[in-house]
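Below is one structure, written out as structure tokens; comments come after it.
The values are calculated or read from the model by the stated rules, or taken from the named source; none is laboratory data. The structure presented is a predicted model; accordingly, all values stated were derived computationally and were not measured. Quick reminder, even Gly has a Cβ in these numbers, built from the backbone with ideal geometry, and neighbours come from all protein chains shown. The accessibility values were calculated without ligands, DNA or RNA, using every heavy atom of the protein model including side chains. Shrake-Rupley method; radii C 1.70, N 1.55, O 1.52, S 1.80 Å.
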Amino acid sequence: MSEKHYAVHWQEEEYIYPPPSFVGQANLTDPSIFERFSLDNFPECFKEFADLLDWDQYWHTTLDTSDAPCWKWFVGGKLNASYNCVDRHLDKYKNKTAIHFVPEPEDEPIVHMTYQELYRRVNETAAVLRDFVGLKAGDRVTLHLPMTPELPITMLACARLGVIHSQVFAGFSGQACGERIWDSESRVLITIDGYYRSGKLLDHKVNGDQAVEVAKKLGQDVDKILVWRRYPGKYSSAAPMVEGRDYFMDDLVKQYRGKIVQPVSMPAEGILFLMYTSGSTGRPKGVQHSIGGYLSYVTWMSKNIQDIHPEDVYWCMADIGWITGHSFIVYGPLSAAASTVIFEGVPTYPDAGRVWRIAEELDVNIFHTSPTAIRQLRKAGPDEPAKYNYDFKHMTTVGEPIEPEVWRWYYNVVGKGRAAIVDTWWQTETGGFLCSTVPGLSPMKPGSAGPGVPGIHPVIFDDEGNEIKPGEGKAGNVCIRNPWPGQMQTIWKDRDRYVSTYYGKYNKDPNSKDWRDWPYMAGDAAVMSSDGYVRILGRVDDVINVAGHRLGTKEIESAALTVEEVAEAAVIAAKDEIKGTVPDLYVSLKPGYEASQELAVKISQAVSTVVGKIARPRSVHIVPDMPKTRSGKIMRRILASISNRGDVGDVTSLANPDVVEQIRRQVQS
Ligand code: WTA
């Protein structure tokens with residue numbers, strides 16, 4: 001990525017102050033917070049986070065750095081995540097809704113599941129996993145579940161037993177799921193027969209069968225596939241149920257109705273879940289999150305940055321298959337005793353008013369979504385929000401940079417000028433927010449995420465490791481000076497990759513046990529203005545952000561290379577009005593093959609099959625040759641300039657400069 005080497009110029013946006021009606025009721029309005037969380041008070045300041053949880057055994061050491069940079073938080077403590085998200089609320093909130101489930105078909109009733117009901121369902125599911133399947137603490141289980149209540153129920157049932165869940169986004173292909181089963185060494189896959197998307201009941205069990213086949217080929221056997229049914233008792237998949245391997249969960253739980261499973265008391269440093277995410281190589285990384293550190297972090301953020309009070313109705317429109325859903329649909333909000341909304345389907349189906357109708361019907365007052373969804377809703381129905389009678393006090397944007405103009409529509413039209421907005425910048429690896437304004441304390445600035453949240457100290461370094469001072473107007477690599485409790489523990493089974501990816505560039509002493517020697521490198525280019533507000537420009541590595549979803553270019557390229565005719569493949573991020581960026585795929589063919597429309601379609605389909613539909617390229621350009629340096633490196637930067645109709649710059653030093661003009665004419669004609 002090149003923009004980080006240049007000074008960036010933009011119009012500095014004006015501050016917008018949070019509405020007094022919001023501030024008056026906000027959980028966090030004490031300005032001493034930043035002082036309390038200064039680096040002088042590190043790491044003890046994070047005690048405040050841990051104290052939001054119920055511990056079976058209180059911890060003795062806040063931060064243990066002896067295995068740096070694998071940080072251990074709240075050492076000596078014991079707790080259970082499912083207990084903290086469910087059981088501890090029963091005294092006060094037993095009859096309050098924990099989950100509102102909004103099915104896609106509008107004639108299907110919304111399910112309002114109380115904390116008591118959630119407790120019952122988590123317990124009976126945990127009983128199946130423990131007593132029927134034989135799972136125990138430390139085992140891994142892969143979940144390939146869409147947005148129905150069975151997903152959080154299954155996650156919490158795993159957490160109750162200390163079983164490590166690895167949820168794979170349902171939109172990922174069976175093959176992608178199979179690779180993750182293999183890497184995590186799961187012997188059990190939990191899936192569903194089908195789910196709704198844009199008016200269709202999709203067959204999902206077929207993906208499970210494929211996943212298990214792929215895992216087997218890689219050397220990982222799966223003993224059991226547990227299948228929830230979208231409609232209990234009524235199976236809606238074409239995939240056969242295999243005797244002795246496949247079981248219907250809705251039948252199994254019946255045998256354990258009313259069974260109480262004692263939550264297993266786990267060490268704070270136990271593993272809560274793995275979440276696979278894309279990086280610079282083709283192999284996805286199993287990001288490993290702890291129980292105590294992670295849960296305390298997302299709980300604090302839910303309470304203070306999301307401003308969740310137990311009486312709020314909170315709707316995060318992300319998918320639980322991504323980190324946003326884990327942290328801010330399930331663990332954070334439930335730990336904070338919220339009523340959290342789970343929405344099946346897509347925001348603009350069947351029409352542009354769907355989202356606002358739901359908000360009105362459920363009295364949603366906290367709303368959380370991505371810039372892509374905001375752009376889609378704005379395009380489909382710019383005047384729709386005004387037609388509905390809902391009132392948001394707080395709104396979030398997450399996952400990609402938001403253009404100030406889009407931010408203003410969100411603020412004025414969706415929020416009706418009455419909501420505080422937080423633009424939260426963070427990552428799968430970070431567990432929870434890194435940069436955001438504190439909604440009851442700091443002004444918003446459209447297009448900037450904000451300063452570090454309390455306890456997070458961001459800094460921008462140039463490529464040589466010199467600090468770029470706030471207000472210098474230069475972009476660089478955004479890093480965090482200190483560890484924090486929500487941070488990943490490591491990459492599953494790959495400590496070396498963890499150390500080199502996040503610390504390789506700026507750590508100078510690999511033996512140091514002092515956290516000050518280990519700034520965390522996020523992999524984003526950013527600029528910090530003089531007030532400390534951070535504006536994120538985008539990834540500096542081979543990751544593409546499509547509609548706020550993180551995809552690896554290498555994964556897409558490897559998928560293209562599975563097509564017999566393809567010799568070379570290069571993916572670049574093309575700018576898109578709605579999705580931010582989308583993949584554009586360039587391929588060259590082996591000798592003897594001809595370019596054709598059919599071949600382009602075949603390559604595109606290969607990407608869908610191997611990675612998933614979300615990775616499908618906007619276009620497949622079959623080019624005569626790739627622009628290359630003399631040492632043979634494909635110049636993706638040039639391809640990106642062609643796709644985005646920018647200046648390709650000086651190409652005379654390439655091995656094959658003439659091809660650039662040929663490609664430009666082909667693509668831009
Ligand atoms: C990008 C999603 C700008 C960024 C929570 C990061 C953002 C990647 C923002 C992580 C934001 C996330 N503004 N860019 N508010 N939030 N990003 O792991 O490039 O799916 O590195 O986590 O999304 O994506 P991930």
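Within the range 428-443, being within 15 Å of the ligand (Cβ to nearest atom) and open to solvent by 10 Å² or more (accessible area, probe 1.4 Å) holds for one residue alone: Thr428. Of all the listed residues (Ile578, Ile614, Ile603), the sole one being under 29 Å from Cys177 (Cα atoms) and not in a helix (DSSP H, G or I) is Ile578.
The combined condition, being at pLDDT 95 or above, assigned to a loop (DSSP other than H, G, I, E, B) and in contact with a helix residue (DSSP H, G or I) (Cβ under 9 Å, 6 or more places away or on another chain), is not fulfilled by Pro583.
Among the residues of the range 386-398, is there at least one that is modelled with pLDDT of 95 or more, touching a strand residue (DSSP E or B) at 6+ places or on another chain (Cβ under 7 Å) and open to solvent by 10 Å² or more (accessible area, probe 1.4 Å)? Explain how you work it out, then say what you get.
Residues of the range 386-398 modelled with pLDDT of 95 or more: 386-398.
Now restrict to residues that are touching a strand residue (DSSP E or B) at 6+ places or on another chain (Cβ under 7 Å): 392-398.
Add one more test, that the residue is open to solvent by 10 Å² or more (accessible area, probe 1.4 Å), and what stays is 393, 398.
Checked against the condition, which is being modelled with pLDDT of 95 or more, touching a strand residue (DSSP E or B) at 6+ places or on another chain (Cβ under 7 Å) and open to solvent by 10 Å² or more (accessible area, probe 1.4 Å), the range 386-398 yields at least one hit.
Filtering the range 399-419 to residues that are in a loop (DSSP other than H, G, I, E, B), open to solvent by 60 Å² or more (accessible area, probe 1.4 Å) and more than 13 Å from the ligand (Cβ to nearest atom) leaves only Arg418.
Among the residues of the range 197-214, those that are crowded, with 16+ Cβ neighbours inside 10 Å, out of contact with any strand residue (DSSP E or B) (no Cβ under 8 Å at 6 or more places or on another chain) and not basic (Lys, Arg) comprise Val206, Gln210, Val214. Scanning the range 304-320 turns up at least one residue that is among the β-branched types (Val, Ile, Thr) and under 19 Å from Tyr195 (Cα atoms).
For the range 131-185, a residue qualifies if it is under 19 Å from Arg283 (Cα atoms), touching a helix residue (DSSP H, G or I) at 6+ places or on another chain (Cβ under 8 Å), assigned to a loop (DSSP other than H, G, I, E, B) and not hydrophobic (A, V, I, L, M, F, W, C), and the qualifying residues are His144, Gly171, Ser173.
One residue stands out among those in the range 184-196 that are of a type in the set (A, V, I, L, M, F, W, C) and in contact with an Asp or Glu (Cβ under 9 Å, 6 or more places away or on another chain): the one that is surrounded by the fewest Cβ atoms within 10 Å (Cβ to Cβ), which is Val188. Restricting attention to the range 347-370, does a residue exist that is within 16 Å of the ligand (Cβ to nearest atom), over 27 Å from Gly455 (Cα atoms), in contact with a Lys or Arg (Cβ under 7 Å, 6 or more places away or on another chain) and not aromatic (Phe, Trp, Tyr)? The answer is no; no qualifying residue exists. Scanning the range 186-201 for residues that are closer than 23 Å to Asp250 by Cα, among the polar types (S, T, N, Q) and in a loop (DSSP other than H, G, I, E, B) yields a single hit, Ser186.
It is to be established whether one or more residues within the range 576-586 are of a type outside the set (D, E, K, R) and over 22 Å from the mean Cα position of the chain (by Cα).
The answer is yes; a qualifying residue exists.
Cβ-Cβ contacts under 7 Å between residues 6 or more apart (or on different chains), taken from a first residue in the range 637-651 that is charged (D, E, K, R) to a second residue that is assigned to a helix (DSSP H, G or I), are listed as Arg645/Gln668; Asp647/Ser641. Pairs are defined by a Cβ separation below 6 Å, a sequence spacing of at least 6 or placement on different chains, a first member in the range 380-405 that is under 18 Å from Pro18 (Cα atoms) and without any contact (Cβ under 8 Å) to a residue 60 or more places away in the chain, and a second member that is assigned to a helix (DSSP H, G or I) and within 13 Å of the ligand (Cβ to nearest atom); the pairs so defined are Thr397/Pro371.
Could you check the range 444-460 and list, in sequence order, the residues that are within 11 Å of the ligand (Cβ to nearest atom) and assigned to a loop (DSSP other than H, G, I, E, B)? Can you show your working first?
Residues of the range 444-460 that are within 11 Å of the ligand (Cβ to nearest atom), as a first pass: 447-450.
Gly447, Ser448, Ala449, listed by residue number.
Could you check the range 645-664 and list, in sequence order, the residues that are part of a loop (DSSP other than H, G, I, E, B) and either aliphatic (A, V, I, L, M) or within 22 Å of Ser619 (Cα to Cα) (or both)? So that I can check it myself, show each step before the final result.
As a first pass, look at the range 645-664 and keep what is part of a loop (DSSP other than H, G, I, E, B): 645-657.
Across the range 645-664, the qualifying residues are Arg645, Gly646, Asp647, Val648, Val651, Leu654, Ala655.
Per the listing Gly270, Gly286, Gly282, Gly321, the residue uniquely open to solvent by 30 Å² or more (accessible area, probe 1.4 Å) and either more than 16 Å from the ligand (Cβ to nearest atom) or closer than 24 Å to Leu129 by Cα (or both) is Gly282.
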